[in-house]
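Participant: Take a look at this one; I'll ask things after.
No lab work stands behind these numbers, since they all come straight from the coordinates. Quantities reported herein were computed from a predicted structural model and do not represent experimental measurements. For neighbour counting, all protein chains shown are included, and Cβ atoms are generated from backbone atoms with ideal geometry for every residue, glycine included.
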Amino acid sequence: MTSIPEAAALPAASLRSNSLLRLTLRRLTRQRNARVGLTILISLILVAAFAPLIAPYEPNRDLIGIEPVTQRQKPCIHLLGCPADQPQHIMGIDANYRDVFSRVVYGTRVSLMVGFTTIGMAILVGTLLGAVAGYAGGWADNVIMRFMDVLLAFPGFLLAIAIITVLGRGLQNALYAIAIVNIPHFARVVRASVLSIKEQEFVAATRALGASDTRILFLRILPNALPPLIVQGTLGIAGAILEAAALSFLGIGAQPPTPEWGTMLGTERNQVFTAPHLVFFPGIAIMITVLAFNLLGDGLRDAMDPRLAQVSKPR
Amino acid sequence: MRGNTLLKLLSLLVLAGLLLAACGPTGPARPYEEIDYEEPLSVAAASCDYGGKISSVAATDRLTVVFTLCKPDPAFLAKAAFTPFGIQPREYLDYTGGSGLLLEAPVGTGPYQVTEWERGDHVTFTAFADYWGAAPAAQTAVLRWSTEGAARLLELQAGTADMITNLSPADIPGVEADPNLQLIFNLNPNVFYVGFTNTFAPFDNADVRRAIAMGLDRQRIVDNFYPPGSEVASHFTPCSIPNGCAGDAWYDFDADAANALLDAAGFPRGDDGVRFTTSIYYRDVFRGYLPEPGNVAVEIQSQLRDNLGIEAEVVVMESGEFIAQSTNGALSGIHLLGWGADYPHVTNFLDFHFGSGNPQFGNAHPEIYEALQEASSIGDVAAAEPLYADANNAIKDLVPMIPVAHGASADAALASVSGAYVPPFGATQFAFLDPGKDTLVFVQNAEPISLYCADETDGESLRPCQQAVETLLEYGQDSGDTSGELATACTSNADSTVWTCTLRDGVTFHDGSAFDANDVVASWAAGLDAANPNHVGNTGGFDYFAYLWDGLINAPSE
């Protein structure tokens, strides 16, 4: 006697509502940490998108002769007792007489761009390599994965520095370096998924229907390998932002006058005692952004992990 | 009874040993024999055709050395007082072969002797008991280093350092207001300049260089990025140096005239308002002439864009690489560099930078260097003035660089340290500082490279050398005037081509050997004569010998 699976007996609408995306979102929004991460991330994206409206000044425009400011002036907030006749600079003024708040706001654009671009590149290349390795197997798998192992054998940050040394300093080259360093992680994740999915029955069925390998790989296997990739990608963005900030701090990433948080920190590292606001605010910005991606990444992992899932039962 | 006698004898021997150890020489045991003064030594060029200034250095008796020059050098005394020309024992130079131990353990006649150099951490000096002059106040001096200004200041505030170098300009008001600290301004004449290499377009066009000279608001840079006491440079050489400010003052800021000049030179603004793009190269190293390199670079970048429509990329380079490339004229854009005076003479500023052999600014200009060559052999300041005026006017007209500022900088010490000072030339002598305790701790901004300063050029190496190794003459504590150190006097003949130095008698080196004229000749020969067996050093470059005396004797042909 064959038992009919529970889901098969459900109406079509209910099946749709239990699609992976909706299920994941529902699980995600049930977690407080993930909600916090998502809220911060959405706020950051809004700040980046509307930076020209939020920032009171051009990020690279010095205020010499425009306002009565002093070098590395402390924050002036009228609500907190700063005299009304002084111009308000809620995060103070930097060594080049620029408004720190405006630079931190515009820095959101740079950091998010760094995170999404580098991980996007790494996912693209890593997925392609991992998928080919996992699906083709044999010598292709060996060559690709041994090359990935070689990349993984180097500490990521040192490898990024080495790559920048070859390519030359600058934000663009830092993006390439961070992307290259992250490729092996995604290649491994995708390969592992492909190896397990390609043995499943629906793949065999597709193959039996005469589908080509390319079609099977890209239209049947890869879409099912996405969940772990999304988790890895979200967590990877946090790492990429940190790596970019560290490279800029060392002076080999974003170059002045780009309003990049790591560069802002590095430029003023010597003023930590005399003008702490110049390192505090960019540092806090980095921390909040990384925290948001980490919280969201952890939440996504929990939401997508079937072992942790509590499948909602039909009422 | 016999046992008692033996015991007494042994006790006496131990006591005698202890007495000997306490009263004997404090320096390290000498693994080489002292050579008494018998045959006078000398080093001489085959002829003056080698191009250098020194024809010979010769001992004529135990306490007399004669320097014969190929041409008069009005700055001879000022140069001879410079730390790289320190005197070490002839025997020690021969024993070390001019390298090895010599790089880490100099043997001089100074008030302190080096007793330990723990790489990466500190150099320890101990007061030299047989010093010929006044004994230092502190028995021990410890030199440490920290590259971060904030860390140095923190050490001072915590009381773990007695004196520190190179305060960050932002820290100056805080130190001034702190009753536990004292601020000491550094009076070393210096200049910060924006350099061009005229072998690269568009800086091969003098009008472009002139336009940038007019279009940079130097007053704005000094007002906003330099500590109080700094001034806009009217000339390349600071006016405190005789003849430094001969000739016309530099261009006033005039953005309209600068833009008109660029238009006429064939660099119109494009649709985006940009005339051309270039790079601004600098090194992120604190110097008195440029205390905030990164911020000044960004300010110049901003001025070039706003005032002149020149888009510039800011490129920070590793210090050594930057110096190598900029001084060899290999940087295609603008470079930010400066100069702190080694000795108080205008030749130290002008001849080095604008001489015929310097590739830093590209092809040298005969309009500048011919006047400098002629002036460099005139001892009389007034007689040389018209030539320096010509040279300065030619510099203004041809703009190989733009002199921006003469920077003020400051060191700091605990208020309890008496005698704290920073001389305008040379380094602070630890022996003059009294911390009120046995040990003086001095923190500078980098580790010395080596302690054989005949072959070093950086101030961080010259400072410790100066504590242990003395020169024939020394600079004053508050001026560039020279007075006798190991020489009691140096006198010249009528045309200043022969200098006779009478040496101080009764001076002893740290190794216990006696100082005499042959030590002077041996020390100079090791640096000056490229064929001398002790001409090894750390890099083998002996830059200051080559540069200050216009070349080395027996230099290998390139």
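Participant: Specify which residue in the list A:234, A:64, A:104 is farthest towards the positive end of the charge dipole of the range A:32-303, using unit charges on the beta carbon of Lys, Arg (+1) and Asp, Glu (-1), about the Cα centre.
Facilitator: My answer, from the dipole projection, is A:234.
Participant: Can you give the net charge of the other residues whose Cβ lies under 10 Å from the Cβ of residue B:30, counting K and R as +1 and D and E as -1?
Facilitator: So the surrounding residues net to -4.
Participant: Do me a favour and compute the ellipsoid semi-axes for chain B from its Cα gyration tensor, root of five times each eigenvalue, largest one first, whole Å.
Facilitator: Numbers: eigenvalues 426, 170, 73 Å².
Each semi-axis is the square root of five times an eigenvalue, giving 46, 29, 19 Å.
Participant: Right, here's the next one. Fully extended, how many nm does the chain gain between residue A:58 and residue A:212 (0.36 nm per residue separation, minus their Cα-Cα distance)?
Facilitator: 50.0 nm
Participant: Same structure, new question: For B:71, B:79, what's the fewest-to-most ordering of other Cβ within 10 Å of each Cβ?
Facilitator: B:71, B:79
Participant: Right, another one. For a Förster distance of 25 Å, can you work out the FRET efficiency between the beta-carbons of residue B:49 and residue B:363, rounded to the nearest 0.05?
Facilitator: Numbers: r = 25 Å, r/R0 = 1.00.
The computed FRET efficiency comes out at 0.50.
Participant: In peptide B:451-464, what is the residue-averaged number of other protein chain Cβ atoms found within 10 Å of each Cβ?
Facilitator: 0
Participant: Just report the Cα centroid separation between the range B:449-495 and the range B:378-407, whole Å.
Facilitator: Comparing the Cα centres of the range B:449-495 and the range B:378-407, I get a distance of 27 Å.
Participant: So if R0 is 45 Å, what FRET efficiency would residue A:201 and residue A:36 give, r being the distance between their Cβ atoms, rounded to the nearest 0.05?
Facilitator: With R0 = 45 Å, the Cβ-Cβ based efficiency is 0.65.
Participant: Need one number: nm distance between label points at residue B:269 and residue B:397, each 7 Å from Cα along Cα→Cβ, rounded to one decimal.
Facilitator: 3.2 nm
Participant: I'd like to know which of B:127, B:294, B:70 lies farthest towards the positive end of the charge dipole of chain B, counting +1 on Cβ of Lys and Arg and -1 on Cβ of Asp and Glu.
Facilitator: With unit charges placed on the Cβ atoms, the residue in question is B:127.
Participant: On a 0 to 90 degree scale, rounded to 10, what angle separates helix A:100-136 from the longest Cα axis of chain A?
Facilitator: Result, in degrees: 20.
Participant: If you rank A:32, A:103, B:218, A:269 by fewest surrounding Cβ atoms within 10 Å, what's the result?
Facilitator: So the ranking, lowest neighbour count to highest, is A:32, A:269, B:218, A:103.
Participant: Work out the mean other chain Cβ neighbour count within 10 Å for the residues of B:290-301 and drop it here as an integer.
Facilitator: Numbers: counts 0, 0, 5, 0, 8, 9, 2, 3, 10, 6, 0, 4.
Mean partner shielding for this stretch: 4.
Participant: I'd like the distance separating the alpha-carbon centroids of the range B:95-128 and the range A:97-169, in whole Å.
Facilitator: 49 Å
Participant: How many partner chain Cβ atoms sit within 10 Å of a residue's Cβ in peptide A:270-280, on average, as a whole number? Mind showing how you got there, number by number?
Facilitator: Details: counts 12, 5, 4, 10, 10, 1, 0, 0, 0, 0, 0.
Average neighbour count from other chains, rounded to a whole number: 4.
Participant: Let me ask another. Per-residue HN-Hα couplings for the range B:268-276, Karplus 6.51 cos²θ - 1.76 cosθ + 1.60 at θ = phi - 60°, whole Hz, x for Gly and Pro?
Facilitator: Working through the residues one at a time gives x, 5, x, 4, 8, x, 9, 7, 7 Hz.
Participant: For the protein assembly as shown, give the magnitude of the charge dipole about the Cα centre (Cβ charges: +1 Lys/Arg, -1 Asp/Glu; no others), in debye to the nearest 20.
Facilitator: Here the size comes out at about 6380 debye.
Participant: With a ≥ b ≥ c the root eigenvalues of the C-alpha gyration tensor of chain A, is it rounded (a/c under 1.5), prolate (a/b larger than b/c) or oblate?
Facilitator: Oblate is the answer for chain A, as a/c is 1.5 or above yet b/c matches or exceeds a/b.
Participant: Please give every one of the aspartates and glutamates within straight-line cross-link reach of residue B:437, meaning a C-alpha to C-alpha distance under 14 Å, and leave out same-chain neighbours fewer than 8 residues apart.
Facilitator: B:162
Participant: Just the number, please: percent antiparallel of the DSSP beta bridges in chain B, rounded to the nearest 5.
Facilitator: 75 percent
Participant: Now for a different question. Please state the charge dipole magnitude for chain A, taken about the Cα centre, from unit charges on C-beta atoms (+1 on K and R, -1 on D and E), reported in debye and rounded to the nearest 20.
Facilitator: Here the size comes out at about 960 debye.
Participant: Name the helices (complete DSSP H segments) of chain B with a Cα length along the long axis of 20 Å or more and a Kyte-Doolittle mean of at least 0.0, or state none.
Facilitator: B:2-23, B:381-398
Participant: Can you spot the aspartates and glutamates whose alpha carbon is less than 14 Å from residue B:71's alpha carbon? Ignore those fewer than 8 places along the same chain.
Facilitator: Candidates past the 8-residue exclusion: B:49, B:374, B:495, B:550.
Participant: Same structure, new question: As an exercise, take the mean of 1/r over every pair of distinct alpha carbons in the range A:177-315, invert it, and state the Kirkwood radius in angstroms.
Facilitator: Numbers: mean 1/r = 0.0550 Å⁻¹.
So the Kirkwood estimate lands at 18.2 Å.
Participant: Something else now. Mind checking which of A:77, A:221, A:237 has the largest fluctuation in a GNM of chain A, springs on alpha carbons under 10 Å?
Facilitator: The residue with the greatest mean-square fluctuation here is A:77.
Participant: In which sequence would B:302, B:377, A:212 go, from the one with the fewest C-beta neighbours within 10 Å to the one with the most?
Facilitator: Ordered from fewest to most neighbouring Cβ atoms within 10 Å, B:302, B:377, A:212 come out as A:212, B:377, B:302.
Participant: Less than 11 Å Cβ to Cβ from residue B:222, Lys/Arg counted +1 and Asp/Glu -1: what total charge do the surrounding residues give?
Facilitator: -2
Participant: Pop a pseudo-label 7 angstrom from the Cα along the beta-carbon direction at both residue B:130 and residue B:62 and give the gap in nm to one decimal.
Facilitator: 1.4 nm
Participant: How tilted is helix A:20-30 with respect to the longest principal axis of chain A? Cα atoms for both, answer in degrees (0 to 90, nearest 10).
Facilitator: 50 degrees
Participant: When all alpha-carbon pairs of the protein assembly as shown are counted, what percent fall beyond 54 Å?
Facilitator: Values: 115317 of 380628 pairs.
Of all Cα-Cα pairs in the protein assembly as shown, 30 percent lie more than 54 Å apart.
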